[in-house]
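For reference, the structure is listed below as structure tokens.
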Amino acid sequence: MVQEIFVEENHVQVNLSGSMYAAEAALLRKNLVDHITQGQKNFIIDLGAVDYIDASGLGTLLHIRKQTLKNDGSVTINGLQGLVKDLFEMTKVNHLFESPPKLAD
């Protein structure tokens, strides 16, 4: 899984690709917790290029959400598609995250 994480304005932008298994989820969790420790509280996570995520990956995202809510922050998930979108919908975690704003017609 490729990670690109950078701070932009008042949020942390996280771009992920590939598959997220336990090892990748643990690394992501450490990186994002480091940002929370540094005072960041708003995250935008793009999963558009992620083709698989296991339970540990979902657990990492839920942990980050919990930590940001403690600090009045938010986690927005972008790009859900395919198997990843199906998993989010089946487990109903898609309702726990902020959605990207809808574009006006």
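A few notes on this one:
- Some residue of segment 91-104 being at negative phi and among the charged types (D, E, K, R): yes
- Check on Leu58, of a type in the set (A, V, I, L, M), within 12 Å of Val2 (Cβ to Cβ) and modelled with pLDDT of 95 or more: no
- Every residue from segment 40-70 that is part of a loop (DSSP other than H, G, I, E, B) and open to solvent by less than 60 Å² (accessible area, probe 1.4 Å): Gln40, Asp54
- Every test in (1) part of a strand (DSSP E or B); (2) within 13 Å of the chain's Cα centre (by Cα); (3) of a type in the set (S, T, N, Q) is passed by Ser19 save one, and that test is (2).
The values are calculated or read from the model by the stated rules, or taken from the named source; none is laboratory data. Fair warning: this is a prediction, and the values are worked out from it, not measured in the lab. A quick note on method: Cβ atoms are made from the backbone with ideal geometry, for glycine too, and the neighbour counts reach across all protein chains shown. In case anyone asks, the SASA skips ligands and DNA or RNA and just uses the protein heavy atoms, side chains included. Shrake-Rupley method; radii C 1.70, N 1.55, O 1.52, S 1.80 Å.
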